[in-house]
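Comments concern the structure below.
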Amino acid sequence: EESWEPRANILYWTLRVEPDWDPQTKDKIKKEKAKVVKVFHANKDGKRFGNPFLIAVETGERVSEIKAKIRHKLQLPKSEFSSWRFFKRHLDGTKGFLKDDAVWSDVTEADAQGHDPAVALLLEHDEPHGINRTIRRERALKLG
């Protein structure tokens with residue numbers, strides 16, 4: 001399994017440019033009424049791909065509301081997004097499925113196993129480009 005630890009090679013990391021938070025969100029983050037959460041893409045085997053991004057999550061927000069924010073941010077059609085699964089990913093590498101009605105503040109509390117309350121979101125779905133390349137290579141070429 002791929003390590004989630006920081007890499008020593010500074011050239012490994014990509015530059016991520018994201019829009020600044022609006023004033024209301026900045027204030028909520030400053031007053032600790034919201035947290036900035038890192039979101040990763042991964043396939044069903046747990047292999048990460050794409051670029052992680054950040055999202056502000058308010059205390060008490062439901063997972064279904066967080067999903068709506070992510071769908072809006074990524075500008076995905078509902079048909080594609082509906083097949084994605086959402087997990088919390090602890091720093092120790094364990095993950096747990098997130099139900100739509102779960103409340104974010106409950107998700108981030110230390111659980112009975114003593115996992116660190118610091119979590120990231122893991123979006124589990126097929127790699128969009130990996131599948132398309134395979135399909136194109138397998139297509140028959142017709143001449144004439």
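What does the charge add up to near I55, with Lys and Arg as +1, Asp and Glu as -1, over the other residues with Cβ less than 10 Å from its Cβ? Residues near I55 contribute +3 overall. Once you divide the Cα radius of gyration of segment 46-107 by 2.2 N^0.38 Å, the number left is 1.14.
For K33, no lysines have a Cα falling under 16 Å of its own Cα, not counting residues fewer than eight places away in the same chain. Under 18 Å of direct C-alpha separation, and excluding same-chain neighbours fewer than eight residues apart, K99 reaches these lysines: K44, K67, K69, K78, K88.
Here, each number is a calculation from the coordinates, and none is a lab measurement. In this text, all values refer to a predicted model and were calculated from it rather than measured experimentally. So basically every Cβ, Gly included, is an ideal-geometry build from the backbone, and we count neighbours across all protein chains shown.
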